[in-house]
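Some notes on the structure that comes next.
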Amino acid sequence: MRPSRRLALIGTATLLAYTGLRGRLRRYQIAEESMAPTLLAGDYVVAQPSRQSLERGDIIIFEHPHREGFELVKRVVGLPGEEIVISRGQVHANDAVLAEPWADGPTLPEGTWNLDLDQIFVLGDNRARSAGDSRLLGPVRLSAARWKVVGRYWPPGSVGRVGF
């Protein structure tokens, strides 16, 4: 194959891949420490639409319910229809203490939330530094959980899948 034809073929394939993925993936820069140690300020992540059902432990991006255009990144800890109780620094779902290997520090303040069938409960991993989660904002509607974080592409030493 001639070099000019090979270049044209590579260019076409790149263009098709770009347009095929456009709208299917979104890039984000992490701006604060609420998801530390999993995600740190300055990390760059890739997210895909969260069209499938979410699972406990998924990291999602959703729009702040009171600040249009402001998005938050948090971890799903409560699923639709569950009762979430925070007591003695631990999170309980339907009376079972959650194993949270990602949580950094105790979860406070105490409280109880009953989730509707279209709601999830989200928390930051760095519990002391996470103000914009369900403890303050309340449960998040499934329709608001538009993006699911699937990987980190920066910094180079941390490239790969995120989550547990």
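Where a number appears in this text, it was derived from the coordinates with a stated rule and is not lab data. None of the values given here were measured: they were computed from a predicted structure. Methodologically, a virtual Cβ is constructed for each residue, glycine included, from the backbone with ideal geometry; neighbour enumeration extends over all protein chains shown.
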Counting only residues 5 or more apart in sequence or on a different chain, those whose built amide H sits under 5 Å from that of E82 are L115
Pairwise label distance in nanometres, T112 with S143, each label 7 Å out on the Cα-Cβ vector
2.9 nm
In nm, to one decimal, how far is the D95 label point from the V46 one, both placed 7 Å along Cα→Cβ?
4.4 nm
Inter-centroid distance (Cα atoms) of region 24-97 relative to region 116-139, Å
7 Å
About its Cα centre, what dipole magnitude does region 25-158 give when the only charges are +1 on Lys and Arg Cβ and -1 on Asp and Glu Cβ, stated in debye to the nearest 20?
380 debye
